[in-house]
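J.: Provided herewith is a single structure, encoded as structure tokens, for subsequent inquiry.
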Amino acid sequence: MKYNILKALLLTSAMALSSTAMAQDLPLKAMDGDADRDYWLFEQVNKEGSLEALQAATGADAVKLSVSQEKPIEIALIYPSADTSDFWARAYLALTKRLDQLGITYKTTEFASRQIEHSLQSTYATQVAQDKDLYDYVIFGPSELATQADNIDKLAAEDDFDTFVWAFHTPLKYLKNQPDMWLDFSSAYGAIKICDYMVGRLGKDVTYAMNRGIPGITDNQRSGDFKDCVAEKGNWNVVYEHYGEYQREGGFAGTNLILQAYPEATVIHNANTAMSMGSVEAQVAAGKEKDIFSTGWGGTGLELDAIRRGELDATPMRMGDDVGAATAEAIKADMEGRNDEMPLVFLGRITVAHDQMSAEEIDNLEKEAFRFSGVGALDR
């Protein structure tokens with residue numbers, strides 16, 4: 001880092017832990033199922049209170065950088081921003097606008113690719129590592145985690161810059177060098193949020209059904225963790241689980257089957273926006289939208305509009321700009337010599353949007369989620 005001199009003035013050498021040392025010291029605590037995972041859970045690698053503190057700072061008004069800055073910091077971004085998803089563009093906008101608010105001057109160099117261009121990302125990672133003296137910070141959005149693990153390790157090993165990984169929150173156990181931070185939204189965290197809300201609102205002993213996605217880690221968390229949570233906290237009973245493959249048609253077909261074969265189900269839990277829209281469509285066609293409590297996932301504009309129309313009841317809503325804004329806050333902390341306060345894994349805030357909110361409350365929630373990148377479709 002080009003701020004090593006500043007850090008030396010602000011920190012004692014005992015406080016400066018290398019990425020390699022951090023990798024060797026993990027986990028901070030053991031948890032059930034460790035032997036079955038090749039990654040650590042966020043609870044195992046974050047110092048107590050560090051995640052919550054960064055979430056709070058990310059959601060609060062900006063506090064200006066407290067140290068002097070002689071020249072702009074240099075940031076390299078290696079990510080699949082040429083793909084359809086606007087996640088990367090929104091994260092970039094949130095990063096840069098938060099840096100502006102913090103009074104940090106910067107220059108960015110983008111290395112764009114598509115999600116499927118794994119080898120191109122690898123080339124970019126090698127190039128940035130070779131030109132390490134040019135950069136203060138590197139942001140890496142892996143095209144796929146396991147495929148890019150060696151490149152994460154390679155970038156994290158460099159002392160000339162700090163490395164942040166976007167869109168993943170699962171520190172791989174086998175990395176020799178952990179990056180400075182992983183930043184993402186957790187489906188498991190969202191599952192607990194919507195579980196707590198629904199058990200609190202609907203009570204115990206509820207009979208329900210699910211439109212699940214595709215078997216794998218995301219659905220295991222969004223659907224499986226929800227299922228386990230409502231069983232434990234509310235003694236809920238699931239009568240049917242339909243795999244709708246995250247498609248609108250899957251949600252439509254699954255809901256039609258549920259309505260016909262499992263009329264005792266009063267709740268339908270959907271694992272993504274597309275399936276929730278298909279589910280709502282099927283309920284409206286059958287005139288059942290007022291009889292079924294339905295969930296979405298993510299708090300997208302489509303879901304919020306369905307809540308406004310009274311067709312969808314609740315959704316775990318991501319504060320979408322948190323990843324970029326938190327990265328800016330982490331950069332500020334590094335420049336001020338406060339790395340020891342940062343979590344290894346940052347999870348963007350998730351709150352529950354629901355039909356008992358006023359139109360103004362939903363509008364304000366949407367504005368907060370996209371407070372930097374803007375409500376509505378991006379002009380790309």
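The values are calculated or read from the model by the stated rules, or taken from the named source; none is laboratory data. Keep in mind that this is a model prediction, so the values were computed, not measured. Don't worry about glycine lacking a Cβ; one is built from the backbone with ideal geometry, like all the others, and counts go over all protein chains shown.
J.: So for region 279-291 (the condition being outside the structural domain of ILE73 (by TED's automatic domain parsing) and touching a residue at least 40 places away in the same chain (Cβ under 8 Å)), does at least one residue qualify? Explain how you work it out, then say what you get.
T.: Keep residues of region 279-291 that are outside the structural domain of ILE73 (by TED's automatic domain parsing), which gives 279-291.
Going one step further and asking which of them are touching a residue at least 40 places away in the same chain (Cβ under 8 Å), we end up with 279.
So far as region 279-291 goes, yes, one or more of its residues are outside the structural domain of ILE73 (by TED's automatic domain parsing) and touching a residue at least 40 places away in the same chain (Cβ under 8 Å).
J.: In region 159-178, which residues are among the acidic types (Asp, Glu) and over 22 Å from GLY324 (Cα atoms)?
T.: Result: ASP159, single match.
J.: Looking at (1) touching a residue at least 24 places away in the same chain (Cβ under 8 Å); (2) more than 17 Å from ASP184 (Cβ to Cβ); (3) surrounded by fewer than 20 Cβ atoms within 10 Å (Cβ to Cβ), find the lone condition where LEU99 falls short.
T.: It is condition (3) that LEU99 fails.
J.: Given GLU329, GLU303, which one is closer than 21 Å to SER186 by Cα, within 20 Å of the chain's Cα centre (by Cα) and outside the structural domain of ALA89 (by TED's automatic domain parsing)? Spell out how you get there, then give the answer.
T.: Details: GLU329 fails: outside the structural domain of ALA89 (by TED's automatic domain parsing).
One residue alone meets the criteria, GLU303.
J.: Could you figure out which of (1) modelled with pLDDT of 95 or more; (2) crowded, with 20+ Cβ neighbours inside 10 Å isn't true of ARG318?
T.: All conditions are met except number (1).
J.: Among the residues of region 141-160, what is the count of those that are under 13 Å from GLN178 (Cα atoms) and touching a residue at least 60 places away in the same chain (Cβ under 8 Å)?
T.: Summing the residues that are under 13 Å from GLN178 (Cα atoms) and touching a residue at least 60 places away in the same chain (Cβ under 8 Å) in region 141-160 gives 3.
J.: Additional query: Show me the strands (runs of 3 or more DSSP E) found entirely inside region 175-252 where at least 1 residues are out of contact with any Phe, Trp or Tyr (no Cβ under 6 Å at 6 or more places or on another chain) and within 14 Å of ASN270 (Cβ to Cβ). Don't jump to the end; show me each part of the working.
T.: On the way: elements: 181-184, 207-212, 237-243.
Fully inside region 175-252 and qualifying: 207-212, 237-243.
J.: Now for a different question. Give me the residue from region 344-367 that is of a type in the set (Val, Ile, Thr) and either assigned by TED's automatic domain parsing to the domain that holds THR163 or assigned to a strand (DSSP E or B) (or both) and, out of that set, farthest from the chain's Cα centre (by Cα). It would help to see each step written out before you state the result.
T.: Filtering region 344-367 for residues of a type in the set (Val, Ile, Thr) gives 345, 350-352, 362.
From the residues that got through so far, the ones that are either assigned by TED's automatic domain parsing to the domain that holds THR163 or assigned to a strand (DSSP E or B) (or both) too are 345, 350-352.
Working: VAL345: 10, ILE350: 9, THR351: 12, VAL352: 15 Å.
In this case the residue turns out to be VAL352.
J.: Another question, then. Do we have ALA53 as closer than 23 Å to LEU175 by Cα, modelled with pLDDT of 95 or more and assigned by TED's automatic domain parsing to the domain that holds THR163 here?
T.: Working: closer than 23 Å to LEU175 by Cα: no; modelled with pLDDT of 95 or more: yes; assigned by TED's automatic domain parsing to the domain that holds THR163: yes.
No; evaluated as a whole, the condition is false for this residue.
J.: Answer yes if at least one residue in region 294-304 is at pLDDT 95 or above, at negative phi and assigned to a strand (DSSP E or B), and no otherwise.
T.: So far as region 294-304 goes, yes, one or more of its residues are at pLDDT 95 or above, at negative phi and assigned to a strand (DSSP E or B).
J.: Another question about this same structure. Mind listing just one residue for me: the one in region 116-139 that is without any contact (Cβ under 8 Å) to a residue 60 or more places away in the chain and assigned to a loop (DSSP other than H, G, I, E, B) and, of those, surrounded by the fewest Cβ atoms within 10 Å (Cβ to Cβ)?
T.: Across region 116-139, the extreme among qualifying residues is ILE116.
J.: Right, LEU378: in contact with a helix residue (DSSP H, G or I) (Cβ under 7 Å, 6 or more places away or on another chain), farther than 30 Å from SER66 by Cβ and in a loop (DSSP other than H, G, I, E, B) or not?
T.: On the way: in contact with a helix residue (DSSP H, G or I) (Cβ under 7 Å, 6 or more places away or on another chain): yes; farther than 30 Å from SER66 by Cβ: yes; in a loop (DSSP other than H, G, I, E, B): yes.
The answer is yes for LEU378.
J.: Has region 144-155 got any residue that is among the polar types (S, T, N, Q), part of a helix (DSSP H, G or I) and either more than 22 Å from ALA274 (Cα to Cα) or in the same structural domain as ALA274 (by TED's automatic domain parsing) (or both)? Write out each step before concluding.
T.: First, pick out the residues of region 144-155 that are among the polar types (S, T, N, Q): 147-148, 151.
Next, only the ones that are part of a helix (DSSP H, G or I) stay: 151.
Right, trim to either more than 22 Å from ALA274 (Cα to Cα) or in the same structural domain as ALA274 (by TED's automatic domain parsing) (or both) and you get 151.
Scanning region 144-155, I find at least one residue that is among the polar types (S, T, N, Q), part of a helix (DSSP H, G or I) and either more than 22 Å from ALA274 (Cα to Cα) or in the same structural domain as ALA274 (by TED's automatic domain parsing) (or both), so the answer is yes.
J.: With the checklist (1) in contact (Cβ under 8 Å) with a residue 40 or more places away in the chain; (2) closer than 16 Å to ASP162 by Cβ in hand, flag the one item ALA333 doesn't pass.
T.: (1) is the only condition that ALA333 fails.
J.: In region 232-278, what count of residues is obtained for those that are of a type in the set (Phe, Trp, Tyr) and more than 20 Å from LYS288 (Cβ to Cβ)?
T.: The first filter runs over region 232-278 and keeps only residues of a type in the set (Phe, Trp, Tyr), leaving 236, 240, 243, 246, 252, 262.
Subsequent filtering for residues that are more than 20 Å from LYS288 (Cβ to Cβ) retains 243, 246.
Looking only at that region, the number is 2.
J.: Give the residues of region 66-115 that are within 24 Å of the chain's Cα centre (by Cα) and assigned to a strand (DSSP E or B), sorted by residue number. First the steps, then the outcome.
T.: Restricting attention to region 66-115, the residues satisfying the condition of being within 24 Å of the chain's Cα centre (by Cα) are 75-102, 108-115.
Of everything in region 66-115, those that are within 24 Å of the chain's Cα centre (by Cα) and assigned to a strand (DSSP E or B) turn out to be ILE75, ALA76, LEU77, ILE78, TYR79, THR108, THR109, GLU110, PHE111, ALA112.
J.: Still on this structure, I have one more. Just one of ALA271, ALA261, ALA265 is touching a residue at least 40 places away in the same chain (Cβ under 8 Å) and over 28 Å from the mean Cα position of the chain (by Cα); which is it? Show your work before the answer.
T.: Details: ALA271 fails: over 28 Å from the mean Cα position of the chain (by Cα); ALA261 fails: touching a residue at least 40 places away in the same chain (Cβ under 8 Å).
That would be ALA265, the only listed residue that is touching a residue at least 40 places away in the same chain (Cβ under 8 Å) and over 28 Å from the mean Cα position of the chain (by Cα).
J.: Only one of (1) within 27 Å of LEU365 (Cα to Cα); (2) modelled with pLDDT of 90 or more; (3) β-branched (Val, Ile, Thr) fails for THR84. Which number is that?
T.: (2)
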